[in-house]
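Nothing in this text is a laboratory measurement; each read-out follows from the coordinates by a stated rule. What you see is a predicted model, and the numbers here were worked out from it, not measured in a lab. When we count neighbours, we look across all protein chains shown, and the Cβ atoms used for this are built from the backbone with ideal geometry, even at glycine.
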């Protein structure tokens, strides 16, 4: 039997679907994910934004702590979800799986990547990966006060031009730059601003392999927002992604016009 | 559906072919390309404008991890935390206890006024309420001091340096340097310590850390150790020195716990949890100025209140059980008296007595009610009692046949015995395994029995 | 000159040549930025000599000697 009607009701038992990931609870207009390396003051940013409107628990089926909270910006209600701190999104570790699955399948309206301004280069490794999954990225270059103390200066405009996404220097523990961050989150989540990420060019062989897969993926799932990333994960042998392709979970994207097409 | 699954199969087939062609170093090439790009971007937007005159971070690191000072500083920090916790908690603990017992009197009067029968008043007020009052007044002040200090060290970035210093020792026992962080957490509360073992990636090493966390004295046990150290050890010294002797005794018990942790980790990793030590990498983040507001929020809301809440949930029924044991009579004796005479031979064999053992059994849900249960049994009272004066307490213990050996054995038993109910439940939740949960209780129990029996035997020989 | 990372002296800097390690550690090291060509400086030993702390791309990373031995560098 197995017709597609049963799939669209979200019967997937292989992996948590979007509803399970975002966990309906509270009233909100948009979902914002908070990603970043460990030790970048991510939780300070989280606490600053949500204040006491937060609660903690575990990710479904995992012993990994999950924190979520709420905030309001320009009369719009936001739900903020703190992802596990990771250096990358490409390995099999549980933390990275949770973070990359949420950014892809949870379809946050905006993903804030908290970076350590004192070691920005390392944080950019993660930013570049997240930019492969979603366009709706805001880079928060946190600990800017520490960077200044170490005589490291950031040129936000130049970084924005290079990356194609907003870059906001902040010091969450002092509250510096946070209004600016909120403003950018609001613009990106509501669609008032559409970042156009400039992605890293991979080596020719990988690019041509991705080039072969992307048209097939788009033919199969017309509105797939991140065919490049899906192709990269498939090439890396990500079983979760293969499953999502087989089960029709990825095809869900074509039914949701809210997420605009990521241009490749 | 069929058509789309064919398309998927074809696509996945193409993927497999491409993957073979690309070879196995895809991750290397992706990481290389991404870092290449990251370096390009940061070359454009990040400018190093100079070198700070003094590199404070490096200077601090050279001292805190230095060959000669690294370990002394850690031990000094431990002593300082314990001393502050012990000294600082005294006064607020007393005030809280006074308040709760004042309130108890009024509750009792109130209950009588509304015509509640004696057994209901006794059960609710002298049982449940008293259990709760004890736990809160004994646990809250030390936790409210310990957790902020610990969070402070975490916040400024000292704890990763402790891991860095100790990793070599953990490697020797086939465990992970990050275990030291979970042990530090365990000093506050073993349940919190067990949860914090999540930071260890390797399942084998995480299990070692979980199973040995119990050997870290927790807030429920500090008061017992401190009390015994003060009444039995420090009392035999010049009063001027007693504060320092008491602290030193507590630190010695703590360090025995650390040594047992290493030994048991080694034992586990060379028997049931055999395996290659996993790779260790640890980032030493820059030192940061602490944010006091955040420290208070994290340590008081996330840790203190959370741990206290769980302790209360288990202490209330324990208080009820203690009251019932003391007040239900079978024949001419209370259930408690029966249990004590039955447990006494085992207790004597372990260098203690029946009362102490009964207290440990009743106090499985929460260690902090051990001393009050003991006092109540010795005084043959029918409710948990507190004696305010240390001298009175010493007399009570001596009259009940306590010796120096009894105190030592009880301290060791307290250090080694099984984890409390909350911790056991946390272990089950974190491991998802009944087998390891049983291990986590049996292993320390066997160790505690062997150690206490040996000490008792040794002292018999020496006398 | 080719060396193992574990052979660097405090304060000495080398460049990553090759990782002779497999599996999850290799992926971790790469994700921390130890891709070929990256500058890496030895900062300090732990009090008992092992692990050793290195500066990579501005961050301080501690590695055990046995793992550092499997990283080839040039100076």
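Key figures for this structure:
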| item | result |
| --- | --- |
| Estimated 222 nm signal from helices in the protein assembly as shown, with DSSP H stretches of n ≥ 4 weighted -39500 (n - 2.57), rounded to 500 | -18000 deg cm²/dmol |
| R0 of 60 Å, Cβ-Cβ distance residue A:214-residue B:255: FRET efficiency to nearest 0.05 | 0.50 |
| The stretch C:1-42: Cα Rg divided by the 2.2 N^0.38 Å rule of thumb | 1.14 |
| Equivalent ellipsoid, the protein assembly as shown (semi-axes from 5 times Cα gyration tensor eigenvalues, Å) | 53, 31, 25 |
| Packing-based exposure ordering (other Cβ within 10 Å, fewest first) of A:112, B:15 | B:15, A:112 |
| 0 to 90° range, to nearest 10: angle between helix B:130-156 axis and chain B longest Cα axis | 30 degrees |
| Value in Å of the Kirkwood radius, where chain B supplies the Cα pairs that are averaged | 25.1 Å |
| Residues B:336, B:410 arranged by fewest to most Cβ contacts within 10 Å | B:336, B:410 |
| Anisotropy class of the stretch B:251-402 from Cα gyration tensor, a/c 1.5 cut | prolate |
| Where labels lie 7 Å past Cα in the beta-carbon direction, separation of residue B:44 and residue B:80 in nm | 4.7 nm |
| Ascending count of other beta-carbon atoms within 10 Å, so fewest first, for A:79, B:62 | B:62, A:79 |
| Relative contact order (%) - chain B, alpha-carbon pairs under 8 angstrom, separation at least six | 17 percent |
| Computed P(r) (all Cα pairs; the stretch B:54-95; 10 Å bins; percent) | 26, 31, 23, 16, 4 |
| Efficiency of FRET from Cβ geometry, residue A:62 and residue B:329, R₀ 51 Å, rounded to 0.05 | 0.50 |
| Computed FRET value (nearest 0.05) for residue B:7 with residue B:428, which takes r as the C-beta separation and R₀ as 45 Å | 0.50 |
| Label-point separation, residue A:55 to residue B:379 (7 Å along Cα→Cβ), nm | 4.2 nm |
| Cα-based helix-to-principal-axis angle, B:421-431 vs chain B, degrees rounded to 10 | 20 degrees |
| More than 15 Å apart - percent of Cα-Cα pairs taken over the stretch C:2-74 | 46 percent |
| Whole-number D in µm²/s for the stretch A:65-174 (Stokes-Einstein; Kirkwood sum over Cα pairs; 10 °C, 1.306 mPa s) | 107 µm²/s |
| Overall form of the stretch A:204-255 per C-alpha gyration tensor (a/c, 1.5; a/b vs b/c) | oblate |
| Estimated inter-spin distance, residue C:3 and residue B:270, nm [label 7 Å along Cα→Cβ] | 3.5 nm |
| Helix B:306-327 axis, angle to chain B major axis (alpha carbon atoms, nearest 10°) | 30 degrees |
